[in-house]
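Participant: Okay, handing you the structure first.
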Amino acid sequence: MDLDFERCYRAVDSRDQRFDGWFYTGVTSTGIYCRPSCPATTPKRQNVRFFPSAAAAQGAGLRACRRCRPDAVPGSPQWDVRADVVGRAMRLIADGVVDRNGVPGLAARLGYTERHLHRMLRAEVGAGPLALARAQRAQTARTLIETTGLGMADVAFASGFGSVRQFNDTVREVYGVPPTELRTARGRRPTPGGAGTITLRLAYRPPLHVRSLLDFLALRALPGVDEVSAGTYRRGLRLPHGSGEVALTPAHGHVGAALRLTDMRDLAPAVARCRRLLDLDADPAAVDQMLAADPALAPAVSAEPGVRVPRAADGFELAVRAIIGQQVSVTSARTTLTRLLAHLPPTDAVVEHEVGRRSDLPGIPQVDLPGAPHIHDRHGPEPELRAFPPAAEVLGIPDEGFGMPGARRETIRALARAVAGGDLDLEPGGDREETRRRLLTLPGIGEWTADYVALRALGDPDVLLSTDLAVRRGAAALGLPDDPKTLTTYADRWRPWRSYAVIRLWRAA
């Protein structure tokens, strides 16, 4: 986004929530930075600076506003759309790569030198990779400080800080108070404990069409891996430091997320993956405006505003689903996947440690943050969900466990070998074009499969599955051409949001 002063100032003056996450407002007279929709009195023009990231504002010596909580906003939608190095870097930083592997690890994933990567990020978002990761660590730390009973040393290391001193200095600099004051300011009485269940409110830009998301996920749910029940989507997660389970419940203005983690260091990656799964950083107003310009799609956009693209929490899982779904119905693919999972060895269940009972924690508020949890007990028995198995486990499944033709079985094994060997990156930080090229070199993977993976696993917003039978049926139902070649030509008017058009065509079918 071009940070034109007049445009940004008008957004701040009108407290326009649509711009939250696009930029941050620095107020030099108070030394704080805010989201554009901050309810405080609009600052004078001469006291305002605009920043492309929270890290850039922090680098200018400003602290986060404790009234509007600027780190509670949805992420900038451009990092979902952009396939360039900066977009990939931002997605990897959000997933915690810098905390786990350092800047050298991030640079190696992207194929650039550290110096050049730093230069590109500074030019685009006003901060280097260390500063961006530091801003995310500060946000995670505040989440844990305000809403759990973890000791400060445990919070420091769970947030990704290298030392308690670094943690104390960063929190004081970003929020203007020491860590202990953040906790007491929320009225939270510390309790002993370790990892447990955390509930968060995940912000998004309205509107959000909930039914389309839940319908899509429910139809493809796998027993023991994910499920949809009573308006909530639950699934197992495989995270960098352990396993996890999440329950996502869309509500007015936010999505409630109840996370159970075996290692609290996985909080930031888990949040990033949940946001990605439900496409919460999208800009639905921009998408719907483009698609509604087509008279064939306009009635559907008007009837169902805010339709998102259901993405993936695990790129390898999505690719396996795509291969098994080749030329078969969704129901048939689900049956085959269920049979395949039954041949895997049992996994350890997600461990939930006792952190504190609700009766011990009176008056804990639910806060509007991407990660502002409170600890709670689970009520009643619920089945444990496991993450989809990693590539190495799938390679160990015997022939009889696949329940499919030999050629398709070998395609899955070829995929698993490529992922396990590091030759194929199916996560959103990967190079979309390179990943698609490598997918197409695998036996049994054609254009449809590679494009489906790009649409859901890699997060490409501009994929058209013109040969997909359901897409063609949906096009015919809306009076559009259903011949793949003609539909491809027609769909140029939907760029750069053809992935969202695909979801609407599927619904029309």
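Participant: Any chance you could run the full-extension gain for R115 through A407? It's 0.36 nm times the residue separation minus the Cα-Cα distance, nm to one decimal. Show your work: numbers first, answer last.
Facilitator: On the way: separation 292, 0.36 × 292 = 105.12 nm, distance 4.54 nm.
That works out to 100.6 nm of additional length.
Participant: Further question on the same structure: Considering Cα pairs under 8 angstrom that are at least six residues apart, work out the relative contact order of the chain and quote it in whole percent. Each step should come with its number before you reach the end.
Facilitator: Details: 924 pairs, mean separation 74.5, N = 509.
Reported as a whole number, the value is 15 percent.
Participant: Please give the net charge around M290, taking every other residue with its beta carbon less than 14 angstrom from that of M290, where Lys and Arg add +1 and Asp and Glu add -1.
Facilitator: Net charge around M290: -1.
Participant: Can you check what the net charge comes to around M120, using other residues whose Cβ is under 13 Å from the Cβ of M120 (Lys, Arg +1; Asp, Glu -1)?
Facilitator: Net local charge, M120 excluded: +2.
Participant: Stretched out fully, how many nm does the piece from A470 to R493 gain, at 0.36 nm a residue minus the Cα gap?
Facilitator: Computed gain between A470 and R493 is 6.3 nm.
Participant: Something else: Under a plain spin-label model, where a point goes 7 Å from the Cα along Cα-to-Cβ, how far apart in nm are T486 and T42?
Facilitator: 5.2 nm
Participant: Please work out whether the range 462-509 counts as rounded, prolate or oblate from its C-alpha gyration tensor, where a ≥ b ≥ c are the square roots of the eigenvalues and a/c under 1.5 means rounded, while otherwise a/b larger than b/c means prolate and anything else oblate?
Facilitator: Oblate, because a/c is 1.5 or more while a/b does not exceed b/c.
Participant: State whether the range 5-55 is rounded, prolate or oblate according to the following rule on the C-alpha gyration tensor (a ≥ b ≥ c being the square roots of its eigenvalues): a/c under 1.5 gives rounded; otherwise a/b larger than b/c gives prolate, and the remaining case gives oblate.
Facilitator: The shape class here is rounded.
Participant: What size of dipole, in debye to the nearest 20, comes out for the chain about its Cα centre when the only charges are +1 on Lys and Arg C-beta atoms and -1 on Asp and Glu C-beta atoms?
Facilitator: The calculated dipole for the chain is roughly 1000 debye.
Participant: Rounded to the nearest 500 deg cm²/dmol, what is the calculated helix-only ellipticity per residue at 222 nm for the chain, with -39500 (n - 2.57) per DSSP H run of length n ≥ 4?
Facilitator: When only DSSP H runs of four or more count, the value is -13000 deg cm²/dmol.
Participant: I've got another one for you. What is the spin-label model distance, in nm, from V328 to D84 if the labels are put 7 Å beyond Cα along the C-beta direction?
Facilitator: Once both label points are built, they end up 4.2 nm from each other.
Participant: Taking a ≥ b ≥ c as the square roots of the eigenvalues of the Cα gyration tensor of the range 1-138, is the shape rounded (a/c under 1.5), prolate (a/b larger than b/c) or oblate?
Facilitator: Taking the square roots of the gyration eigenvalues as a ≥ b ≥ c, the range 1-138 is prolate.
Values in this text are rule-based calculations from the coordinates and carry no lab data. Bear in mind the structure is a predicted one, so any value in this text is a computation, not a measurement. Glycine gets a Cβ as well: all are built from the backbone with ideal geometry, and neighbour counts include every protein chain shown.
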